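In what follows, a structure is listed as structure tokens, so that the remarks can point back to it.
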Amino acid sequence: MGQLVVNGLALGSIYALVALGLLLIFNTVQIVNFAQGQLLMLGAFIGISCAVTHELPVATAWAITMVAMALVGIVFMVLVYFPLRGRPAFLVILTTIAMGIVLENLALIVWGPLPVSLPSPVRGPPFRFAGVVVSMHQIFIFATLAVILLLQFFFLTKTRFGILMQATAQDLHTARLVGIPVNRTIAVAFAFGTVLSGIAGLLVAPIFLAEPTMGGSLGLKGFVVSVIGGFGNLPGAVIGGLFLGLIETFGARYISSNFRDAYAFIVMIAVLVAWPRGLFGEKSSEKV
Amino acid sequence: MKSWFMLALSAAVTLAVPVVVHDGYIIQLLNIAILNAIVVLGLNFVTGWAGQINFGQAAFYGLGAYTTAIATKAGLPWIAAPFLSVIVVVVASLMLGLPTMRLRTYYLAMTTIGFGEIVRLMIVHWEPVTGGTSGLRAIPGVSVFGFGPQGQMQHYYLLIATLGLAILIASRIRHSVLGRAMIATRDSEIAAEQSGVDTTRTKLLAFMIGAVYAGLAGCLYASSIRFISPDSFSGTQAILLMTMLIVGGMGSIAGCVVGAVALTILPEALRFLGQWYLVLYGLGVIAVIVMAPGGLASLASLAQLRRANAG
């Protein structure tokens, strides 16, 4: 039981990280990036290329991955966001999905279809506490989520740049009128959001193996979390993520592991029907 | 006058195809293309006209196919299968549509993706009935009181006739009160409501008609291809159907058919590209959305306009 809680929270932390990446982009440009899962996969594979293929230390691999992902985020923005600015959300959804297909198949060409493992940056014997085993990697996941959450909170609410970002999110044209460098702000949001999904990829790869097709379901879980917690809501994303991790782990144990991936959607549809703004409310509401 | 000529010409070409082409593989591919065209026409009601995103269309396709396969394999006469398939998809579309048709964009996209995934998982894991990942084989063919098409060529004509009927019904609905209400809902929900259109009901009806198209296409898929597996109705397929609609031209009946046929044949014709095909497919979709958001249909009408201006 306790073990299930720990495993569920570890899984949920990764979902929360994916959702936090989505949130950064959503809060700035009101776009939901359906290729976030494939960006996560890309992060995992860049890490594997560094740490496994080129045998660099894992910490170096992490640093390289994060820089690379920031660049990927900016390229992504130029290719996918700029040409579609102001177009209906529907077309943006399809474009990001198409970009996901491109990334997934490029990864299949470059890295092949076989699953690969990435070593964890932390080593050491697992903790045992009242029959519950907590691995070092799980502790590392919790710590990473906590650090990122705090950083993101302070960045968005206390720094000048974070406030510029929020202003851009509220009204792009007014933000530009009062002299905010809108494009630079959006670029930073895309870079950060993509780095976050890269980190989620680096954290997932040591637990589950990394394969080019891993992105689809993880990305969707990130959206489910965003919907449950309310799009753009920071605490909502974290609580929603942990909640979903617990539901999946307990559902797989006590109901049926075959339908593991279905629980997320069932919970999401139930939440949407009961509370159309998500459990914790959404920043800007245009869904009903 | 000219459009009548084009219509007659394209009808003549479609009817002549199996006489000229004797390759069974190509006819089979065309049969699948026609079925996809019917499904995309259904999707056009929801997405092209009522303006609601829907990634659940492949699931309705699959529900129709599996209902027919299971019913006819259990020994029910074939004539019952289309009715059963329609009942199943109508019930499913009501279950999904009633609570979610008020939702917008991302939320609707997510719930329909979720619905598709739930249906797929049910098909994959309900193995005793659905055959799991290996699918169902040797499904009885179309047969009405002992008469039924034999061979791929006769199936081709049956499917073409069904597609013709589907096009006819779609174009009748497009200019009916309901069709206009759908377009009004897409253009501005607030304005439509102000003009007395019940937008939620309109969206739900569009969604149900779309599901019925997919369900009937699924029924014919099962009994003319005779083999079904969950892969044919997965989330990837749902995205492909949406792509066919976008590439062909949202809201255009001819666009739906052209998009569906082109994107069914293209992967087979470009098989030598291997994995690169999917990379190009993704990039191509982005290119179409960015450069020609109205799809191929809009390019055609643009060319017509240019000619008219020049002449």
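Of note:
- Of all residues making up the range A:99-120, the number that are in a helix (DSSP H, G or I) and not acidic (Asp, Glu): 12
- The residues in the range B:145-194 that are farther than 29 Å from B:ALA80 by Cα, β-branched (Val, Ile, Thr) and out of contact with any Phe, Trp or Tyr (no Cβ under 7 Å at 6 or more places or on another chain) can be counted, and the count is 3.
- Some residue of the range A:125-133 being small (Gly, Ala, Ser), crowded, with 17+ Cβ neighbours inside 10 Å and out of contact with any Cys (no Cβ under 7 Å at 6 or more places or on another chain): no
Residue-by-condition table, conditions (1) polar (S, T, N, Q); (2) buried (at least 24 other Cβ atoms within 10 Å of the Cβ); (3) modelled with pLDDT under 85; (4) more than 27 Å from A:VAL58 (Cβ to Cβ):
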| residue | (1), (2), (3), (4) |
| --- | --- |
| A:GLN166 | yes, no, yes, yes |
| A:ASP171 | no, no, yes, yes |
| A:THR174 | yes, no, no, yes |
| A:VAL178 | no, no, no, yes |
| A:PHE190 | no, yes, no, no |
| A:GLY198 | no, yes, no, no |
| A:ILE207 | no, no, no, no |
| A:GLU211 | no, no, no, no |
| A:LEU218 | no, no, no, no |
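- Restricting attention to the range A:69-90, the residues being closer than 16 Å to B:GLY282 by Cβ and within 8 Å of chain B (Cβ to nearest Cβ) number 4.
- Flag if A:VAL80 is farther than 30 Å from B:ALA50 by Cβ and not hydroxyl-bearing (Ser, Thr, Tyr): no
- Listing of helices (runs of 4 or more DSSP H) fully contained in the range B:196-311 that carry 3 or more residues being within 13 Å of chain A (Cβ to nearest Cβ) and of a type in the set (Ser, Thr, Tyr): none
- With a requirement of 1 or more residues that are within 14 Å of chain A (Cβ to nearest Cβ) and modelled with pLDDT under 95, the helices (runs of 4 or more DSSP H) lying completely within the range B:100-194 that satisfy it span B:105-125, B:127-130, B:177-187, B:189-194.
- Residue within the range B:32-53 that is among the aromatic types (Phe, Trp, Tyr) and within 14 Å of chain A (Cβ to nearest Cβ) present: yes
- Hits in the range A:91-102 (condition: surrounded by 21 or more Cβ atoms within 10 Å (Cβ to Cβ), within 8 Å of another protein chain (Cβ to nearest Cβ) and not small (Gly, Ala, Ser)): A:ILE93, A:LEU94, A:THR95, A:ILE97, A:MET99, A:ILE101, A:VAL102
- With respect to the conditions (1) touching a Phe, Trp or Tyr at 6+ places or on another chain (Cβ under 9 Å); (2) surrounded by fewer than 19 Cβ atoms within 10 Å (Cβ to Cβ), B:PRO140 falls short on a single one, namely (2).
- Some residue of the range A:121-138 being in a helix (DSSP H, G or I) and either under 23 Å from A:ALA35 (Cβ atoms) or within 14 Å of chain B (Cβ to nearest Cβ) (or both): no
- Scanning the range A:257-276 for residues that are more than 13 Å from chain B (Cβ to nearest Cβ), touching a Gly at 6+ places or on another chain (Cβ under 8 Å) and at negative phi turns up nothing.
- The C-beta contact set for the range A:227-256 (first residue at positive phi, second residue outside any helix (DSSP H, G or I) and crowded, with 23+ Cβ neighbours inside 10 Å, distance under 7 angstrom, 6+ apart or interchain) comprises A:GLY230/A:GLY278.
- Selected residue (only one of B:VAL258, B:VAL247, B:VAL279 is free of Cβ contacts under 8 Å to residues at least 24 places away in the same chain and crowded, with 18+ Cβ neighbours inside 10 Å): B:VAL279
- Evaluated against (1) within 14 Å of chain B (Cβ to nearest Cβ); (2) modelled with pLDDT of 85 or more, A:GLY241 falls short on exactly one condition, (1).
The values are calculated or read from the model by the stated rules, or taken from the named source; none is laboratory data. No experiment lies behind these values; they were computed from the predicted model shown. A quick note on method: Cβ atoms are made from the backbone with ideal geometry, for glycine too, and the neighbour counts reach across all protein chains shown.
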